[in-house]
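Accompanying notes for the structure given below.
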Amino acid sequence: MNDTLTPVHRPDARSLVRDGRDRLPDLLRVAGYRARRCLPVLAVYGTLKLIGFTVFMHLLNSTGDFHGKDPRFGGGAHAWDVLASWDGWWYQQIAAHGYDPALVRIPGATGLITLEGNSAAFFPLYPAAMRLTSDCTGLGLYGAGLLVSVVCSFVAALGIFAVTARFGGRRAGLAAAGLWAVWPGSGTEWSGYSESLYVALAVWACHAVMNDRWLTAGVLTFAAGLSRPTAVALIAALTVAALRTLHHRQEDVARPATAILVAPLGLFGYLLYVGDRTGDLTGYFALQKGAWAHTFDFGEQTLDVLTSLAVGRTDYLFPCLVEDIIGVLVVLLGLMLIPLLIRLRPPSVLTVHTVLTFALVLGSQQIFGNVSRYLLPAFPLFIPLAVRLRTLGLPLLCTLLSVAAVASGSYAGYVLFEIGVP
């Protein structure tokens, strides 16, 4: 037995520097190529959002209704304070004080609302990102929350572009990014809400699955599960796609299998945490039902709203006429777009995610007008519409999206935050 070790060649510092210099032009070319692809997407999305946001702020200032409302419920000293009201107020409380999960009964309450509201109903990733951003930048929690939402909204726009471009090219991808900016419910993208963060994680998780990057997809889905409960649709979509891959693959099965195991840990871990702290394994669901009247009813309330509005009645649960009409239009549009999406034969991860997101939203008892934002994660619905919009000339496409952006200041902003309850 020869114990002599063979010397291992180790490059010296000069050769490493030389190799780095040789690769620098290639790295710069790659960076330039990616910048050329990203900048138009960011410009289109940012311009459309800025148009809608400006209209929203103008409507708030012109009516001044927010002055007479509680800062928690669509009010504040300034128009921009409205952006951090409603759910945004709860997220700021979590970022500032953390959680204290509890199921506290309201004395004498017998109706739908029997429990006091508790911050444990809101998932932790967004307020954690707010707190981290605040600590790193020196911004207050309000500014940190908006910064997180705005940055994530651009990240989501890039992901929507990348996914859609696989089906219809760059023009379709740009159209899809524009639709993300003006879609009903998009007012929460630049506010103290978690939608932008969740959609950014979800779209890039789907993109990773489509590119066979299973570990990346698993980690992103894990993070999405710490952001919103509707991540169950994303977890199921990843699992179906991974199982299909394992069925057809004889080698390299470890990565899809690992993704299946990692993906649900964030969602289920948080649910178990709330259950443990409240002393009830179903504590999260008990809190949602008892404090917010939000529960899965297999579509009973959705059917009630649809049939009531069809005959001009508003005697259903939590009526808000303008917001509810917008919600009905979004639901009908989505139901028309799902068959068109399936006709494009997309990867199963997109189809399952979209269909399950729809089923979860429509199958829940909730404030119906909120479906316009609850369906924002169903971003694959943009694909068939964007594929058709790509046939338009660029000037006409930009005109249509700009008009929609102006209108979105009302239907996706003012209606959601001031007329309704987001």
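About the Cα centre, and with charges only on the beta carbon of Lys, Arg (+1) and Asp, Glu (-1), how big is the dipole of segment 247-353? Nearest 20 debye, please. Please list the in-between numbers first.
Numbers: 7 positive and 10 negative charges, 85 e Å.
Computed about the Cα centre, the dipole is about 400 debye.
By per-residue mean of other Cβ atoms within 10 Å, what is the highest-first order of 312-319, 182-189, 386-393, 337-344? It would help to have the intermediate numbers written out before the result.
Details: 312-319: 12.8, 182-189: 25.5, 386-393: 16.9, 337-344: 15.0.
Result, highest mean Cβ count within 10 Å first: 182-189, 386-393, 337-344, 312-319.
Using only Cα atoms, tell me the angle between helix 214-224 and the longest principal axis of the chain; keep it within 0 to 90° and round to the nearest 10.
In the chain, helix 214-224 runs at an angle near 30 degrees to the longest axis.
Using label points projected 7 Å from each Cα along Cα→Cβ, tell me how many nm separate GLU300 and ALA109, to one decimal.
2.0
If contacts are Cα pairs under 8 angstrom and at least 6 residues apart, what is the relative contact order of segment 32-125 in percent? Don't skip to the end; give the middle numbers.
Values: 65 pairs, mean separation 14.1, N = 94.
Taking the mean separation of contacting Cα pairs over the length of segment 32-125, I get 15 percent.
Quick one: net charge around LEU397, please, counting Lys, Arg +1 and Asp, Glu -1 for every other residue with C-beta under 9 Å from its C-beta.
So the environment of LEU397 carries a net charge of +2.
Extending each Cα 7 Å along its Cβ direction at THR391 and ARG37, get the distance between those two points in nm, one decimal.
Spacing of the two 7 Å Cα→Cβ label points: 2.7 nm.
Give the calculated FRET efficiency between LEU139 and GLN93 to the nearest 0.05, with a Förster radius of 25 Å applied to their Cβ-Cβ distance. Provide the component values of the computation, followed by the final result.
Numbers: r = 17 Å, r/R0 = 0.68.
It comes out at approximately 0.90.
How much mean residue ellipticity at 222 nm does the chain get from its helices, if each DSSP H run of length 4 or more adds -39500 (n - 2.57) and you divide by all residues, to the nearest 500 deg cm²/dmol?
Numbers: 16 runs with 271 residues, N = 422.
Mean residue ellipticity, 222 nm, calculated: -21500 deg cm²/dmol.
Can you classify segment 148-211 as rounded, prolate or oblate using the Cα gyration tensor, where a ≥ b ≥ c are the square roots of its eigenvalues, rounded means a/c under 1.5, and otherwise it's prolate if a/b beats b/c and oblate if not?
Numbers: a/c = 2.62, a/b = 1.43, b/c = 1.83.
In terms of gyration-tensor shape, oblate.
Over the chain, what is the relative contact order in percent, taking alpha-carbon pairs closer than 8 angstrom and at least six residues apart?
Numbers: 649 pairs, mean separation 91.6, N = 422.
That works out to 22 percent.
Got the relative contact order for segment 311-422 handy, in percent, Cα pairs under 8 Å and 6 or more residues apart? Before the final figure, lay out each step's value.
Working: 76 pairs, mean separation 42.9, N = 112.
Once divided by the residue count of segment 311-422, the mean separation gives 38 percent.
Where a ≥ b ≥ c are the square roots of the eigenvalues of the C-alpha gyration tensor, would you call segment 206-355 rounded, which needs a/c under 1.5, or, failing that, prolate if a/b is larger than b/c, or oblate?
Because a/c hits 1.5 or more and a/b fails to exceed b/c, segment 206-355 counts as oblate.
For segment 339-422, report the % of Cα-Cα distances exceeding 15 Å. If you can, show how the numbers build up before the last one.
Details: 2355 of 3486 pairs.
That fraction is 68 percent.
On a 0 to 90° scale, report how tilted helix 231-248 is relative to the longest principal axis of the chain, with both axes built from alpha carbons and the result rounded to the nearest 10.
Between the helix axis and the principal axis of the chain, the angle is about 40 degrees.
If I fit a long axis through the Cα atoms of helix 125-137 and take the longest principal axis of the Cα atoms of the chain, what angle between them do I get, 0 to 90°, rounded to 10?
Result, in degrees: 70.
Restricting attention to the alpha-carbon atoms of the chain, what are Rg (one decimal) and Dmax (integer), both in Å?
Looking at the chain, its Cα Rg and Dmax stand at 23.4, 92 Å.
Taking the Cα centre of the chain as the origin, how large is its charge dipole in debye, to the nearest 20, when only Lys and Arg (+1) and Asp and Glu (-1) carry charge on their Cβ atoms?
Numbers: 30 positive and 26 negative charges, 356 e Å.
Its charge dipole is roughly 1700 debye.
Quick note: the coordinates plus some simple rules give every number you see, no bench work behind them. Everything numeric here is computed off the predicted structure, so don't read it as measured data. All Cβ positions, even for glycine, are placed from backbone atoms using ideal geometry, and neighbour counts span all protein chains on display.
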